[in-house]
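Worksheet: one structure, shown below.
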Amino acid sequence: MDTDLQERRQQTNEAILLFSQYAQRLYGEGREAYLAIEAGRSSLSITPRIDSDDSRGINNMVIFCFALTLAVLAHRHGRGPDFLIHDSHLYDGVDERQIAKAFALAVEVTEEERMQYIVTINTDILGVAAQRGFDPEPYIRSPRLTDHEDGGLFGFRFKAVGKA
């Protein structure tokens, strides 16, 4: 495995650099970020890290940066799709500034790489991002789901079935 990693040094260095760049875009150059790729005893060990107090929000942004890194590399090298999808749970506990920066980074990177970033997100989180300088309007796609009486999925309302 060590030999294989040495032979793939160019690819691993590309991943390490991208991860670090993405993390520093979210948190600034004052916070160390790294992606360690090492041969373990019986498997490959990949450790993405952003120095922090190990809060849930920062850990979620580690996942965001790692996923973005992998998606970009897979797409660049013809080994993956041209999109990345996240659910709103990824943004739970994340600081408002980093939410706005993550959305802006996703837009910039995916436009540069000719990819798409798809996120299912609640409007309150979009509002937070908008307050921090990210304009979500150009990126919102239909359908917009709501909790209102006339809301639903593709025009359908689902009734709860169960015991009364």
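Some points to look at:
- Looking at the chain, the accessible area is 67 square angstrom per residue; that uses a 1.4 Å probe and ignores ligands, DNA and RNA.
- Largest first, the three principal axis extents of the alpha carbons in the range 79-126 are 32, 17, 16 Å in whole numbers.
- Restricting the calculation to Cα atoms, the range 1-142 yields a radius of gyration followed by a Dmax of 15.8, 49 Å.
- Angle between the chain longest axis and helix 9-27 axis [Cα atoms, degrees, rounded to 10]: 50
- Between 0 and 90 degrees, the angle of helix 56-76 with respect to the longest Cα principal axis of the chain falls at about 70 degrees.
- Note on Arg41 and Glu111: with the Förster distance fixed at 35 Å, the Cβ-Cβ geometry gives a FRET efficiency of about 0.25.
- Protein heavy-atom surface of the chain, 1.4 angstrom probe: 49% of the accessible area is carbon and sulfur, with nucleic acids and ligands not counted.
- Protection proxy ranking, peptides 131-138, 71-78, 58-65, average beta carbon neighbours within 10 Å, highest first: 58-65, 71-78, 131-138
- By the Kirkwood approach, averaging reciprocal distances over each pair of separate Cα atoms, the range 8-63 gets a hydrodynamic radius of 12.0 Å.
The values are calculated or read from the model by the stated rules, or taken from the named source; none is laboratory data. Since the model is a prediction, treat every value here as computed from it, not as a measurement. All Cβ positions, even for glycine, are placed from backbone atoms using ideal geometry, and neighbour counts span all protein chains on display. Surface accessibility is based on the protein's heavy atoms, side chains included, excluding ligands, DNA and RNA. Shrake-Rupley method; radii C 1.70, N 1.55, O 1.52, S 1.80 Å.
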